[in-house]
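Read the structure below first, then the notes.
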Amino acid sequence: MPVAAKIEEKIEIPDDVNVEKRMDDLKVSGENGEVEKKFNHPRIDIIVEDDEIQVIVEEPSKKEKALAGTYRSHIKNMIKGVREDFEYKLKIIYSHFPMEVTSEGEEVVIKNFVGENKPRRAKIVGSTEVKIEGDQVVVKGPDKEAVAQTASNIESATKISKVDPRVFQDGIYITEKAGKPLR
């Protein structure tokens, strides 16, 4: 089977987005904020030109070909994020003890979860914003990975062990990921 001599992934840069590359760091900024990521692989080059970004691999192996596609997806998500926020929605559910959820600085504080005296805490990652509106928690920001990690931290903070989950369904659950409702 012949090996591809060169892979060249091209990504268009919109007019309202600014892209800078310093060493292995790629910084994408726009009207909605900025996202910075490190892309470090010895055989994969990222070149920023006037109106496009190129991900180039000379004589790639199967793994390098896959990694070039992953880099392309990450860069597209960075560009999309600085133009419009990624948004996750979570629902607060309780039947036994009314819980109080607040956003305090760099963390979300969950008080009176299943009657516990000590509040549970979930870390807010990066420049992500968390808003609590009634029984809905809205997590949004320009960095898709930071938004997803923050939503996961909130959901994980309310996991219950050693209790039948069919009886105690209390918790905070992700209901919508990046605009797509879960089943």
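Coordinate-derived values only; no laboratory data. Because the structure is a prediction, the values reported are computed rather than measured. Every residue, glycine as well, gets a Cβ built from its backbone with ideal geometry; the counts of neighbours run over all protein chains shown.
Within region 166-182, being under 29 Å from Ile79 (Cβ atoms) and outside any strand (DSSP E or B) holds for Ala178, Gly179, Leu182.
Please return the ranges of strands (runs of 3 or more DSSP E) entirely within region 1-76 where 2 or more residues are touching an Asp or Glu at 6+ places or on another chain (Cβ under 8 Å) and not hydrophobic (A, V, I, L, M, F, W, C). Lay out the reasoning, then the answer.
Values: elements: 6-12, 18-22, 25-30, 33-38, 44-48, 52-58.
In region 1-76, the matching strands (runs of 3 or more DSSP E) lie at 6-12, 25-30, 33-38, 52-58.
Would you check if there is a residue in region 171-178 being surrounded by 18 or more Cβ atoms within 10 Å (Cβ to Cβ) and either closer than 28 Å to Pro14 by Cα or aromatic (Phe, Trp, Tyr) (or both)? Spell out how you get there, then give the answer.
Step one: list which residues in region 171-178 are surrounded by 18 or more Cβ atoms within 10 Å (Cβ to Cβ), which gives 171-172.
Then keep just the ones that are either closer than 28 Å to Pro14 by Cα or aromatic (Phe, Trp, Tyr) (or both); that gives none.
No, that holds for no residue.
Looking for something among the hydrophobic types (A, V, I, L, M, F, W, C) and assigned to a loop (DSSP other than H, G, I, E, B) - is there at least one such residue anywhere in region 142-165? Yes; the residues of region 142-165 include at least one that is among the hydrophobic types (A, V, I, L, M, F, W, C) and assigned to a loop (DSSP other than H, G, I, E, B).
Pull up region 88-99, narrow it to residues that are assigned to a loop (DSSP other than H, G, I, E, B) and touching a residue at least 60 places away in the same chain (Cβ under 8 Å), then point me to the one that is surrounded by the fewest Cβ atoms within 10 Å (Cβ to Cβ). Break it down stepwise before answering.
Pass one, region 88-99, residues assigned to a loop (DSSP other than H, G, I, E, B): 94-99.
Applying the additional criterion that residues be touching a residue at least 60 places away in the same chain (Cβ under 8 Å) yields 94-97, 99.
Values: Tyr94: 17, Ser95: 9, His96: 12, Phe97: 12, Met99: 22.
Ranking the candidates gives Ser95 first.
The condition (being within 19 Å of the chain's Cα centre (by Cα) and among the hydrophobic types (A, V, I, L, M, F, W, C)) is satisfied by just one residue among Ile160, Ile154: Ile154.
For the structure I just gave you, tell me whether Thr128 is closer than 14 Å to Leu90 by Cβ, among the hydroxyl-bearing types (Ser, Thr, Tyr) and in contact with a Leu (Cβ under 8 Å, 6 or more places away or on another chain).
Working: closer than 14 Å to Leu90 by Cβ: yes; among the hydroxyl-bearing types (Ser, Thr, Tyr): yes; in contact with a Leu (Cβ under 8 Å, 6 or more places away or on another chain): no.
Against the criterion (closer than 14 Å to Leu90 by Cβ, among the hydroxyl-bearing types (Ser, Thr, Tyr) and in contact with a Leu (Cβ under 8 Å, 6 or more places away or on another chain)), Thr128 does not qualify.
Just one of (1) in a loop (DSSP other than H, G, I, E, B); (2) among the basic types (Lys, Arg); (3) buried (at least 20 other Cβ atoms within 10 Å of the Cβ) fails for Lys80. It is (1). Counting the residues of region 100-141 that are crowded, with 19+ Cβ neighbours inside 10 Å and outside any strand (DSSP E or B) gives 4.
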